[in-house]
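The values are calculated or read from the model by the stated rules, or taken from the named source; none is laboratory data. Note that the structure is a prediction, hence the values are computed from the model and not measured. Here the Cβ is made from the backbone with ideal geometry for all residues, glycine too, and neighbour counts use every protein chain on show. Calculation scope for accessible area: heavy atoms of the full protein, side chains included, ligands and nucleic acids excluded. Shrake-Rupley method; radii C 1.70, N 1.55, O 1.52, S 1.80 Å.
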Amino acid sequence: MSFKLYELVGTDAARPFSPYCWRTRMALAHKGLSAETLPWRFTEKSAIAPHGSERVPVLLHHDKPVVDSWIIANYLEDNFPDRPSLFGGEGGRAMARMINAWGDIAIVGGLSPLVIADIPNNLGEVDAAYFRKSREARFGKRLEEVQASRDTGVVAFRKSLEIMRQTFKTQPFLGGQAPNYADYIVFGGFQWARVVSPFKLLETDDPVYAWREKLLDAFDGMARTSPGFAV
């Protein structure tokens, strides 16, 4: 099968760090599929513009583009039904749609103020300048100001994960007895933070930490062996 995946990287082409690309990486692995990585950087928009996108992930299947991590997950589920299901049926797909929104708002949105100023350290000069200018316009302040209160902000972020802790009282994964796309949605944000920042997000006795550890080890340690910080 011919798959190619545009993934966001910085100065290290072997260090993909987009939370959405990690959702797709995990989904491909869950399906037992592999893709050739096409490293992509913030200012290389011309490389993916012909595929109808300004951001990654962009998955090419026999050179047909599939854009957006949620659309990619559905594409993989619908086109490879004989392989392990990402959703476990239409009910699971419907619930994963809600988790997809929660992952964007609560996880990626909650993590951003905690790691945002560390990201330029992973980028080349041109991309770092682009990232700083675009994100500071979005936040209305310098990245360092956004991140300045992260020691207190991380406390609130940890509290926001209580819904996960309650779930883990009765099952080991968001998807039930085994991980599915709901887990990969949330894990993508944690892996993004782990790759770009040395900031400690979770206490080691937190059930969410234990869950993250299991996903780091999934698929022969694919996420754990990808370059990142030991946090």
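Just the residues that are open to solvent by 20 Å² or more (accessible area, probe 1.4 Å) and within 20 Å of residue 229 (Cβ to Cβ), please, taken from the range 74-111.
Across the range 74-111, the qualifying residue is only 110.
Could you grab me the full set of residues in the range 183-207 that are of a type in the set (A, V, I, L, M) and over 16 Å from the mean Cα position of the chain (by Cα)?
The one that is of a type in the set (A, V, I, L, M) and over 16 Å from the mean Cα position of the chain (by Cα): 202.
Please go through the range 157-180 and pick out each residue that is under 29 Å from residue 117 (Cα atoms) and in contact (Cβ under 8 Å) with a residue 40 or more places away in the chain.
Across the range 157-180, the qualifying residues are 157, 158, 160, 161, 164, 165.
How many of the residues in the range 112-135 are open to solvent by 30 Å² or more (accessible area, probe 1.4 Å) and not aromatic (Phe, Trp, Tyr)?
Count: 9.
Could you tell me how many of the residues in the range 193-231 are closer than 19 Å to residue 156 by Cβ, among the hydrophobic types (A, V, I, L, M, F, W, C) and modelled with pLDDT of 95 or more?
Of the residues in the range 193-231, 5 are closer than 19 Å to residue 156 by Cβ, among the hydrophobic types (A, V, I, L, M, F, W, C) and modelled with pLDDT of 95 or more.
Out of the residues in the range 165-208 meeting the condition of being of a type in the set (A, V, I, L, M) and farther than 30 Å from residue 120 by Cα, tell me which one is surrounded by the fewest Cβ atoms within 10 Å (Cβ to Cβ).
Per the criteria, the residue is 178.
Out of the range 86-123, which residues are closer than 18 Å to residue 186 by Cβ and not in a helix (DSSP H, G or I)?
Across the range 86-123, the qualifying residues are 86, 87, 88.
For the range 136-161, what are the residues that are open to solvent by 80 Å² or more (accessible area, probe 1.4 Å) and either of a type in the set (D, E, K, R) or under 15 Å from residue 209 (Cβ atoms) (or both)?
Correct list: 138, 141, 142, 145, 151, 159.
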